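Working notes, structure below.
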Amino acid sequence: MNALTAPRRALAWLRWYVTELTGENAYQRYRERAEAADPGAPLLSRREFEKRRTDRRYADPTSHHGCC
């Protein structure tokens with residue numbers, strides 16, 4: 001095993017964890033699912049996807065995703 005393998009794997013895992021935690025991978029997962037379901041269907045732009053995602057998040061006043 002190469003001496004650099006373990007640090008690289010650790011950094012790759014950390015990057016994956018942070019992107020999952022922040023939701024950065026959500027758009028990529030959306031594209032993969034949408035293309036698999038209907039390859040010819042139009043996809044949302046990144047901006048529209050994030051707007052809809054934010055709107056859904058804050059639509060329910062009992063979810064407490066906001067400040068207080």
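The values are calculated or read from the model by the stated rules, or taken from the named source; none is laboratory data. Source: prediction; values computed, not measured. As a convention, Cβ positions derive from the backbone with ideal geometry for all residues, glycine included, and neighbour counts pool all protein chains shown. Areas reflect the complete protein model, heavy atoms only, side chains present, ligands, DNA and RNA absent. Shrake-Rupley method; radii C 1.70, N 1.55, O 1.52, S 1.80 Å.
Run the numbers for ARG46 and ASN25: contour at 0.36 nm per residue of separation, minus the present Cα-Cα distance, in nm. Could you put the intermediate results ahead of the total?
On the way: separation 21, 0.36 × 21 = 7.56 nm, distance 1.14 nm.
Result for the pair: 6.4 nm of gain on full extension.
Please report, in debye to the nearest 20, how large the charge dipole of the chain is about its Cα centre when each Lys and Arg carries +1 at its beta carbon and each Asp and Glu carries -1 there. Mind dumping the intermediate values first?
On the way: 13 positive and 9 negative charges, 40 e Å.
Around 200 debye, computed over the chain.
Just to confirm my numbers, what's the Cα centroid distance between region 49-63 and region 1-48 in Å?
Each part's Cα centre sits 21 Å from the other's.
Report the GluC sites (Glu not before Pro) located in region 8-68 that are in a DSSP loop and have at most 14 other Cβ atoms inside 10 Å of their Cβ, or state none.
The qualifying sites are GLU24.
With every protein chain left in place, what is the accessible area per residue of the chain in square angstrom, probe 1.4 Å? Mind showing how you got there, number by number?
Working: 5960 Å² over 68 residues.
Averaged over the residues of the chain, the accessible area is 88 Å².
What is the extension gain from ALA6 to GLU32, computed as 0.36 nm multiplied by their sequence separation minus the C-alpha to C-alpha distance, in nm to one decimal? Mind dumping the intermediate values first?
Numbers: separation 26, 0.36 × 26 = 9.36 nm, distance 2.93 nm.
Result for the pair: 6.4 nm of gain on full extension.
Under the Karplus relation 6.51 cos²θ - 1.76 cosθ + 1.60, θ = phi - 60°, what is the ordered set of whole-Hz ³J(HN,Hα) values for region 44-56, x standing for Gly and Pro?
Ordered by residue, 3J(HN,Hα) equals 5, 6, 4, 4, 5, 4, 5, 5, 5, 5, 5, 4, 5 Hz.
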